[in-house]
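Below is one structure, written out as structure tokens, with a few remarks after it.
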Amino acid sequence: MGHHTFDADRADKLEDAQQRYRFLSAEELLWALSPDGDETVADLGSGTGFYTDDVAPTVDHVYAVDIQEAMHDYYRKKGVPENVDLVTSGVDDLPLDTGSLDAAFSTMTYHEFASEQALSEISRVLTSQGTFVIVDWAASGSGNHGPPVAERFSAVEVANVLRQHGFNIEFQAERPETFLLIGHTK
């Protein structure tokens with residue numbers, strides 16, 4: 001089950017490129033998504049749009065999904081690209097049509113929404129052969145960054161849960177503080 005959400009009062013911290021790219025570079029995220037320019041994608045737990053801004057120029061459309069309207073307010077002040085729609089919603093009840101997404105990604109937020117209902121929703125909104133990329137804080141991490149270790153998952157745990165929800169795991173890597181998974185719907 002998911003845990004707390006990031007405090008919107010600390011949103012400025014989410015814009016620290018040196019710190020954020022230390023754990024996931026824009027290039028790595030784009031490699032995992034492998035966009036060809038025509039996709040409709042959702043950033044699940046988009047926050048201030050830090051990674052949304054990296055993906056938006058490479059796809060047709062992005063839904064920046066966050067449960068906190070305050071995060072969208074921050075993003076609006078920063079400037080939202082024209083091909084990005086802000087969606088205030090939990091991942092467990094996405095207001096998107098069935099099969100409407102070619103891909104979805106979650107950067108450092110899976111632990112916040114991890115639930116059976118959220119994974120069912122992600123499966124529902126992705127097209128057949130849709131891509132789901134998760135980069136999150138690893139259970140094997142030190143806990144010096146991100147959420148407490150007790151609120152984290154291992155790559156193996158998440159891969160097993162994704163398989164139960166109809167995903168084929170195409171890539172799985174656990175790094176010192178984070179893990180990266182790429183799954184595709186069947």
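Rank 87, 166, 126 by how far each Cα sits towards the positive end of the charge dipole of the chain (+1 on Lys, Arg Cβ; -1 on Asp, Glu Cβ) and give me just the farthest. The residue sitting farthest along the positive end of the dipole is 166. Just the protein heavy atoms count here, and of the accessible area of the chain at 1.4 Å, carbon and sulfur take up 47 percent. Once all protein chains are placed together, residue 154 keeps about 20 Å² accessible to a 1.4 angstrom probe. Spin-label model, residue 88 to residue 22: label points 7 Å out along the Cα-to-beta-carbon direction sit 3.3 nm apart. Computed from phi, the 3J(HN,Hα) profile of the range 150-158 under the Karplus parametrisation 6.51, -1.76, 1.60 (θ = phi - 60°) reads 5, 9, 9, 10, 8, 4, 5, 4, 5 Hz, with x in place of Gly and Pro. The charge dipole of the chain, taken about its Cα centre with unit charges on the Cβ atoms of Lys, Arg (+1), Asp and Glu (-1) only, comes to about 440 debye. The residue list 153, 184, 141 was ranked by how far each Cα lies along the charge dipole of the range 98-186 toward its positive end, using unit charges on Cβ atoms, and 184 comes out on top. Annotation: the antiparallel percentage among DSSP beta bridges lying fully within the range 93-186 is about 65. For the chain, a Gaussian network of Cα nodes joined below 10 Å ranks 23, 105, 171 by mean-square fluctuation, and the top entry is 171. In the context of the full set of protein chains, residues of the chain present 45 Å² of accessible surface per residue (probe radius 1.4 Å, heavy atoms only). Placing a pseudo-label 7 Å from each Cα along the Cα-to-Cβ vector at residue 38 and residue 69 gives an inter-label distance of 3.8 nm. Taken over the range 120-186, the alpha-carbon convex hull comes to 76 cubic angstrom per residue. With viscosity 1.306 mPa s and temperature 10 °C, the Kirkwood radius over alpha carbon pairs of the chain converts through Stokes-Einstein to a diffusion coefficient of 98 µm²/s.
Pairs of C-alpha atoms in the range 29-74 farther apart than 18 Å represent 24 percent of all such pairs. For residue 157, the accessible area of its heavy atoms, probed at 1.4 Å with every protein chain present, is near 90 square angstrom. By the Cα gyration tensor, the range 112-156 has an equivalent ellipsoid whose semi-axes, rounded to whole angstrom, run 25, 11, 8 from largest to smallest. Mean sequence separation of contacting Cα pairs (under 8 Å, at least six apart), scaled by the length of the range 77-125, corresponds to a relative contact order of 51 percent. In this rough spin-label picture, where each label sits 7 Å from Cα along the Cβ direction, the residue 149-residue 117 distance is 3.1 nm. Between the C-alpha center of the range 62-135 and that of the range 136-170 there is a gap of 18 Å.
Computed 3J(HN,Hα) for the range 129-134, one whole-Hz value per residue from the Karplus formula 6.51 cos²θ - 1.76 cosθ + 1.60 where θ = phi - 60°, is 6, x, 9, 10, 10, 10, glycine and proline marked x.
The values are calculated or read from the model by the stated rules, or taken from the named source; none is laboratory data. What you see is a predicted model, and the numbers here were worked out from it, not measured in a lab. Cβ sites come from the backbone with ideal geometry, for glycine too, and all protein chains shown count toward neighbours. Heavy atoms of the whole protein, side chains included, go into the accessibility calculation; ligands, DNA and RNA do not. Shrake-Rupley method; radii C 1.70, N 1.55, O 1.52, S 1.80 Å.
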